[in-house]
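Reviewing the structure listed below.
The values are calculated or read from the model by the stated rules, or taken from the named source; none is laboratory data. This structure is a prediction, so every number in the text was calculated from the model and none was measured. FYI the Cβ positions are ideal-geometry reconstructions off the backbone, even for glycines, and counts take in every protein chain you see. Heads up: the accessible areas ignore ligands, DNA and RNA and are worked out on the full protein's heavy atoms, side chains in. Shrake-Rupley method; radii C 1.70, N 1.55, O 1.52, S 1.80 Å.
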Amino acid sequence: SQADAENNAGAVGDGSYPDMTTLYARVEDPTTGCASIAEVLLTVLEAPDPEIQFEGSPNNFTVCEDEAFDLNVVLTAGLPPYTYMWTLPDGSTGSGNPYAVAGAVPANHQGTWVVTVTDAGGCTGTDNISVTVDPAPPNNSCADAIAVTGGASGNNICANDGGGCGTNSESAVYFTYT
């Protein structure tokens, strides 16, 4: 209270104080003994409450190997601007929002992703999401593929579309006979 501050009694100690609490602080010069009372309005900042989303959903998800994906963080609290620090399943780190992955790699991207958001007030919040990366099928070679115009046999078909395999820059198309 103000009276406690004026009488140098009832020091503010550890504890919990609700938002918009008025505190009184006694500031005293030890040499002269002169003192003054300062009124401080305590404003409690709400920490960021991040939620990682993939395609608008906070649920864990599965992507295919080499598939591109973005992780977006949605915030409902905190004081902008925000910084975003990501910890990937392989232990590497990144920053920004959204976090874009050009092509999923099981060794790097499968597992738990964690984001820590820091707001302008220095408050932090964290969230995580699990990503499963399904490996690409093993028949990803054009070595024994046939041309699209040549009929269908074998496990691969290559289309001459400027892709990266075969002598004619074909791209592999994967399929399974059922």
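The combined condition, being open to solvent by 40 Å² or more (accessible area, probe 1.4 Å), at pLDDT 95 or above and within 23 Å of Val44 (Cα to Cα), is fulfilled by Pro81. A single member of Ala11, Ala47, Ala5, Ala38 is among the small types (Gly, Ala, Ser), surrounded by 11 or more Cβ atoms within 10 Å (Cβ to Cβ) and over 28 Å from Thr83 (Cβ atoms), and it is Ala5.
The residues of the stretch 43-84 that are among the polar types (S, T, N, Q) and within 30 Å of Thr21 (Cα to Cα), listed by number, are Thr43, Thr76, Thr83.
For the structure I just gave you, tell me whether Thr62 is assigned to a strand (DSSP E or B), open to solvent by 60 Å² or more (accessible area, probe 1.4 Å), under 30 Å from Ser130 (Cβ atoms) and without any contact (Cβ under 8 Å) to a residue 24 or more places away in the chain. No, not satisfied. For Tyr24, indicate whether it is farther than 30 Å from Asp127 by Cβ, aromatic (Phe, Trp, Tyr) and in a strand (DSSP E or B). Answer is yes for this residue.
May I ask you to list the residues in the stretch 67-84 that are aromatic (Phe, Trp, Tyr) and either in a loop (DSSP other than H, G, I, E, B) or out of contact with any strand residue (DSSP E or B) (no Cβ under 6 Å at 6 or more places or on another chain) (or both)?
Tyr82
Being of a type in the set (Gly, Ala, Ser) and open to solvent by 40 Å² or more (accessible area, probe 1.4 Å) is the requirement here; does Gly94 meet it? Taking the combined requirement at face value, the residue does not satisfy it. The residue pairs whose first member lies in the stretch 35-57 and is under 19 Å from Ser130 (Cβ atoms), whose second member is loosely packed, with under 12 Cβ neighbours inside 10 Å, and whose beta carbons are closer than 9 Å, counting only pairs six or more residues apart or on different chains, are Pro50/Thr76; Glu51/Thr76; Gln53/Asn59. Close Cβ contacts (under 7 Å, 6 or more residues apart or on different chains) running from residues in the stretch 85-103 that are within 15 Å of Leu75 (Cβ to Cβ) and in a loop (DSSP other than H, G, I, E, B) to residues that are among the charged types (D, E, K, R) and at pLDDT 95 or above comprise Pro98/Asp70.
From the set of residues in the stretch 104-123 that are free of Cβ contacts under 8 Å to residues at least 24 places away in the same chain and outside any helix (DSSP H, G or I), which is most open to solvent (accessible area, probe 1.4 Å)?
Filtering the stretch 104-123 for residues that are free of Cβ contacts under 8 Å to residues at least 24 places away in the same chain and outside any helix (DSSP H, G or I), the one most open to solvent (accessible area, probe 1.4 Å) comes out as Gln110.
Looking only at residues that are in a loop (DSSP other than H, G, I, E, B) and open to solvent by 50 Å² or more (accessible area, probe 1.4 Å) in the stretch 124-147, which one is modelled with the lowest pLDDT? Among them, the one singled out is Asn140.
Residues are listed down the side, and each one gets a yes or a no for (1) in contact with a His (Cβ under 9 Å, 6 or more places away or on another chain); (2) over 13 Å from Val117 (Cβ atoms):
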site	(1), (2)
Asn59	no, yes
Thr62	no, yes
Leu71	no, no
Pro80	no, no
Leu88	yes, yes
